[in-house]
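The values are calculated or read from the model by the stated rules, or taken from the named source; none is laboratory data. Nothing here was measured: the structure is a model prediction, and the numbers come from that model. Virtual Cβ from ideal backbone geometry, glycine too; neighbours counted across all protein chains shown. Protein only, heavy atoms only, side chains kept; ligands, DNA and RNA dropped before computing areas. Shrake-Rupley method; radii C 1.70, N 1.55, O 1.52, S 1.80 Å.
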Amino acid sequence: MRVVFMGTPDFAVPTLARLAQDGHDIAAVYTRAPARAGRGMSLRPSPVHALADTLGAPVLTPATLRTPEAAETFAAHRADVAVVVAYGMLLPQAILDAPRHGCLNLHGSLLPRWRGAAPIQRAVMAGDAESGVGVMRMEAGLDTGPVALEARLPITPGMTAGALHDALMPLGADLMARALAALDAGTLTFAPQPEDGIVYARKITNDEARIDWSRPAAEVANRINGLSPFPGAFFEVDLGKGSERVKVLRAAPAEGSGAPGTLRDSEGTVACGDSAVRLLELRRAGKGGSASGAEFVRGARLTPGARLG
């Protein structure tokens, strides 16, 4: 099929690679414009942009799609279908209507739960037992379109958002490949999303990242794991040179009690509003590597009873 692909981050890369591998004609790749990153703040293309270059596919990085010129350019691709994976820009109706079979979106949740910007992180933060990916036909509403295919994946105890993200990437690529094969054969069917169970996955904000030790231990652990690796849940503690920020990348509920935020032992167990959490992996601000809870406590010379803010 003749495909316009629209995506930006790592999550979208396996799907583009799979569609090219399956022999689809990639008419154009739309992605976000190169952004400044790294120590030198040089312009870097998105992961999808980098792959498109290796595939020899035309790349477009428009600042907006809401102009007659953008709609005319898009229509000129004469695509059978547009495949959208974490593109990062809303599509106006003129774009949605341009491909012969419309626009298919690969979404990182089991719709209608976790519509919106951060479905993978929100699922872990909420303590969901499972997640998955779905292929839906896009409408003007936010992730409201009918769903054709889904693939489910359990969220195992202690799984971080990063681990779930990485597990869903190949699952999503395979699902979209199956969807296009069925679409080409005329056998792809869609079902409306259920009216019940709609939950929105609002964008993650930095003010959610500070750990609130007064919350129940399971909730604290889920929030830590759901914000890992980015932006990373954190606490602050004085390690001898004033208050220092420490990110916690993995945690698990543990036994213990005490004033919330109090270090209970040398293994990195911290009291919460009920019970406690064990800090499994941490990273100090400005440090490249990470450490286990026990390594951090030993290196920071903390003793039981220390308060983590």
**OP:** Under 9 Å between Cβ atoms, at least 6 apart or on separate chains: pull out the pairs that start in region 159-188 with a residue that is hydroxyl-bearing (Ser, Thr, Tyr) and end on any residue that is open to solvent by less than 30 Å² (accessible area, probe 1.4 Å).
**Re:** THR160/VAL124; THR160/ILE224; THR160/ASN225; THR160/GLY226; THR160/LEU227; THR160/SER228; THR160/LEU249
**OP:** Residue by residue through region 71-81, note down the ones that are touching a strand residue (DSSP E or B) at 6+ places or on another chain (Cβ under 9 Å) and surrounded by 14 or more Cβ atoms within 10 Å (Cβ to Cβ).
**Re:** THR73, PHE74, HIS77, ALA79, ASP80, VAL81
Subject >> Criterion (within 18 Å of the chain's Cα centre (by Cα), touching a residue at least 40 places away in the same chain (Cβ under 8 Å) and under 30 Å from GLY299 (Cβ atoms)) met by exactly one of ARG223, ARG215 >> reply: ARG223
Original post:
Taking GLY258, is it at pLDDT 95 or above, over 22 Å from the mean Cα position of the chain (by Cα) and open to solvent by less than 20 Å² (accessible area, probe 1.4 Å)?
Top reply: no
Original post:
Within region 8-55, can you find the residues that are open to solvent by 60 Å² or more (accessible area, probe 1.4 Å), within 22 Å of LEU91 (Cβ to Cβ) and not basic (Lys, Arg)?
Top reply: ASP10, ASP25, PRO45
**OP:** Would you point out which residue out of PRO58, PRO62 is at pLDDT 95 or above and exposed (fewer than 15 other Cβ atoms within 10 Å of the Cβ)?
**Re:** PRO58
Original post:
What is the residue count in region 153-166 for residues that are touching a Leu at 6+ places or on another chain (Cβ under 8 Å), open to solvent by 20 Å² or more (accessible area, probe 1.4 Å) and outside any loop (DSSP other than H, G, I, E, B)?
Top reply: 1
Original post:
Looking at region 104-114, which of its residues are more than 8 Å from the chain's Cα centre (by Cα) and open to solvent by less than 20 Å² (accessible area, probe 1.4 Å)?
Top reply: LEU104, ASN105, LEU106, HIS107, SER109, LEU111, PRO112
Original post:
Within region 127-152, restricting attention to residues that are of a type in the set (A, V, I, L, M, F, W, C), in a loop (DSSP other than H, G, I, E, B) and touching a strand residue (DSSP E or B) at 6+ places or on another chain (Cβ under 8 Å), which residue is farthest from ARG100 (Cα to Cα)?
Top reply: ALA129
**OP:** Can you give me the number of residues within region 189-217 that are part of a loop (DSSP other than H, G, I, E, B), open to solvent by 40 Å² or more (accessible area, probe 1.4 Å) and either under 17 Å from LEU142 (Cβ atoms) or not hydroxyl-bearing (Ser, Thr, Tyr) (or both)?
**Re:** 11
Original post:
For region 263-288, how many residues meet the condition of being open to solvent by less than 40 Å² (accessible area, probe 1.4 Å) and part of a strand (DSSP E or B)?
Top reply: 8
Subject >> Pairs with Cβ under 6 Å, 6+ apart, first in region 3-20 and touching a residue at least 40 places away in the same chain (Cβ under 8 Å) and on the phi < 0 side of the Ramachandran plot, second part of a loop (DSSP other than H, G, I, E, B) and among the β-branched types (Val, Ile, Thr) >> reply: THR8/THR31
**OP:** Of all residues in region 289-307, count the ones that are not in a loop (DSSP other than H, G, I, E, B) and not acidic (Asp, Glu).
**Re:** 9
